[in-house]
Amino acid sequence: MPGTLYLVATPIGNLQDISYRAVDVLKSVSVIACEDTRHTRKLLNHLDIKTRLISYHEHNEAERAEELVGRLRQDSVAVVSDAGTPGIADPGFRLVQRAIEAKIPVVSIPGPVAFVSALVASGLPTDSIFFGGFLPSKKNDRRKTLAEIAHIPATLAFYESPRRIAAALADCLEILGDRRAVVAREITKLHEDYHRDTLSTLASEFSSATCKGEVVLLIDRIRDAGTSAEEGLLLTDRLAAIEAEGVDHKSALKRVAKEFGISKSEAYRIVQAERRGNP
Ligand code: SAM
C-alpha cells in the first residue's frame with residue numbers, strides 16, 4: 001500500500017501557530033523533506049519531534065521528487081518549507097505533480113500563508129484576490145508584469161524583499177495609478193505592523209526609510225474598469241508598450257481590448273478620450 005504525501009504548513013514567525021494535526025503528522029511520517037534541515041530542526045526540537053529530515057529545495061527539487069516518490073510507494077512523507085505553506089512561493093509543486101501521477105494520495109495540512117494573513121487584516125476587499133508571488137526583481141520585468149495584471153478586478157498580493165519594497169512601490173504607483181495599498185510587515189512576529197495608505201504616500205514613506213523584516217504588498221483593484229481616468233491611462237500605456245514591441249496599431253488595439261476584457265471599439269474610444277485629455 002502506498003504512503004501519503006502530506007504538505008504541512010508551519011509558522012511564519014510565531015511558533016504557536018503550528019497546528020495539533022501538523023505535529024501529529026510530522027511525528028508519524030517516515031521522513032520530513034524540508035528546504036533547510038538546520039532551520040526545520042529548530043522547529044522540530046521546539047516540538048520535541050525526532051523524525052528524520054532530508055533536504056528538498058529549489059536546486060534539487062527535480063531529482064529529490066523522484067527519490068521521494070520512490071519512498072512514498074511504501075512510506076508516508078511530509079514536506080515543509082522554511083515558513084508557511086509549502087508550494088506557495090516555495091518548493092512543493094513538482095513533488096505534488098509527481099505523486100499525483102504515481103497515484104499516491106496527497107493531503108494538505110493547512111496553516112499559515114503570509115499573503116492570506118496580510119489580506120484579511122489589510123482592510124482591502126477579500127472577495128477576489130490575485131496572488132502574484134514575488135514581483136520580478138528587475139525594474140523592466142516588474143513594470144511589464146504590473147502592466148499585464150493592472151486591469152484584474154481583484155486585490156493584488158505580492159511577496160517582496162524589504163530591500164526592493166521602495167522601488168516596487170514607486171513602479172506600482174506609476175503603472176497602476178494611485179490606489180489604496182497595504183504593506184504588511186513581520187506578520188505574527190514581535191514587530192508586526194501594517195502600513196495602510198495610498199501608493200503615493202507609501203512610495204514616499206518607504207523611499208526615505210530603511211525597511212526591515214519580511215513584507216507582503218497588497219494593492220486595491222482598479223475602480224470602474226473601462227471608464228475611469230486611471231483605466232484610460234493604463235490602457236493607453238499598455239497599448240504603447242505593445243506597440244513598442246513592434247506590433248502594429250490595429251493588432252495592438254485588438255490585444256489590449258482582449259486583455260482588458262472590452263470590445264475593440266470601446267478600447268479605441270478610451271484611447272481617443274485619453275489622448276484628448278478627456279476620459
Ligand atoms: N510559503 C510561504 C507562505 O506560505 O506564505 C512564503 C514563502 S516565501 C519564500 C517568503 C516570503 O513570504 C517573504 O519574502 C515575505 O514576502 C513573505 N512572508 C513570509 N513570512 C512573512 C511574515 N511573517 N510577514 C510578512 N511577510 C512574510
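For the chain, rounded, prolate or oblate, judged on the Cα gyration tensor with a ≥ b ≥ c (square roots of eigenvalues), a/c < 1.5 rounded, else prolate if a/b > b/c?
Prolate, because a/c is 1.5 or more and a/b exceeds b/c.
Any chance you could give the angle, 0 to 90 degrees and rounded to 10, that helix 249-260 forms with the longest Cα principal axis of the chain? That works out to roughly 50 degrees. Between the Cα long axis of helix 139-149 and the first principal axis of the chain there is an angle of about 80°, rounded to the nearest 10.
Working from label points 7 Å from Cα in the Cα-to-Cβ sense, the SER200 to ASN140 distance is 3.0 nm.
For region 262-274, the Karplus equation 6.51 cos²θ - 1.76 cosθ + 1.60, evaluated at θ = phi - 60°, returns couplings of 10, 6, 5, 5, 5, 4, 4, 4, 5, 5, 4, 4, 4 Hz by residue, with Gly and Pro reported as x.
In µm²/s, what is D for region 91-205 at 4 °C and 1.567 mPa s, where D = kT/(6 pi eta Rh) by Stokes-Einstein and Rh is the Kirkwood radius from Cα pairs?
82 µm²/s
Using only the Cα atoms of region 140-279, each taken as one equal point scatterer with no solvent, compute I(q) by the Debye sum, divide by I(0), and report log10 of the ratio at q = 0.11 Å⁻¹. Rounded to two decimals, the profile gives -0.44. The dipole here belongs to region 102-197: it is taken about the Cα centre, uses +1 on the Cβ of Lys and Arg and -1 on the Cβ of Asp and Glu, and is about 320 debye.
Which percent of the accessible area of region 58-122 is formed by carbon and sulfur heavy atoms (probe 1.4 angstrom)?
52 percent
A helix-only calculation puts the chain at -13500 deg cm²/dmol for mean residue ellipticity at 222 nm, using -39500 (n - 2.57) for each DSSP H run of at least four residues, averaged over all residues.
The values are calculated or read from the model by the stated rules, or taken from the named source; none is laboratory data. Computed from a predicted structure; not experimentally measured. Every residue, glycine among them, receives a Cβ derived from its backbone with ideal geometry; neighbour counts consider all protein chains shown. For accessibility, only protein heavy atoms count, side chains too; no ligands or nucleic acids. Shrake-Rupley method; radii C 1.70, N 1.55, O 1.52, S 1.80 Å.
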